[in-house]
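K.L.:
Below is the structure I would like to discuss, written out as structure tokens.
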Amino acid sequence: EMLRGDNKWEEALALVGPTLPRIASQGQSELKWWQAGVYVRWARSEIVANRHERAIAVLERGLAEFPGDNRFPALLGLSLQDWARATDFGAPAMRAIDDLSKKYAGQPEVIEPTTHAAKRAAYWMVIELQRQGKHDEAFAAVQPGGRWYPGDEAGNELLAAAYDNWAGTFIEKRDWKGAFNVYAKALAKLPEDTHLQANLAWVVQQWLADVA
């Protein structure tokens, strides 16, 4: 445990190999759990330090040794998301997302956190652009051909969420006309989206109630 606290991760992991055959089966299970925890803590320390390439390398090692431990895919997704957000979707982060998606294509338990990471990172970048009033740039970025477009289905979800966020800025001020106009634009792009349809109907109800 002292070695872990000193961040001597490799030394801590090296202790396990010679020790494992000499202890009872129950103790082996506990030692393996401790070993997996070393990888988890190591990766988290790299994520906190914004060393995402190193974090991903550590997590892949852990995943190879403990393929059933769902902490590793979850942390992979977290690291990718943080990396993408920190670099404004820079090439290294996006290449890592793409490479891992291909590498683990047959393993949905790994792929899902990875694709979710890309989607969430794109969402927060869109929200930041909207906060700056750059709505046209935000929407262009998440549509086909845009720099943050994550694919058809995920792209539609992201686009709808961006419109919702924009409409919310008007709803907060009870500016129902502004919110109506946003949802009208949204449904021109996504006419089959029942969530947007319901939100538009609610805005109309609130608008009518205010002028009654």
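K.L.:
Over the Cα atoms of region 84-145, Rg to Rh with Kirkwood Rh, two decimal places?
P.N.:
So for region 84-145, dividing Rg by the Kirkwood Rh gives 1.04.
K.L.:
Just to verify a number: FRET efficiency for Ser45 and Glu11, C-beta to C-beta distance, R0 = 22 Å, to 0.05?
P.N.:
After rounding, the FRET efficiency stands at 0.90.
K.L.:
Which lysines have a Cα less than 23 Å from the Cα of Lys8, not counting those fewer than 8 places away in the same chain?
P.N.:
Of all the lysines, those that pass the test against Lys8 - Cα under 23 Å, at least 8 places apart if same chain - are Lys32.
K.L.:
Then there is this: Using a simple spin-label model with points 7 Å from Cα along the Cα→Cβ vector, what separation in nm is obtained for Lys185 and Leu31?
P.N.:
6.2
Readers should treat all values here as calculations from the given coordinates under stated rules, not as data from a laboratory. Being a predicted model, the structure only gives us computed values, none of them experimental. Ideal geometry is used to build each Cβ from the backbone, glycine not excepted, and the neighbour counts take in all protein chains shown.
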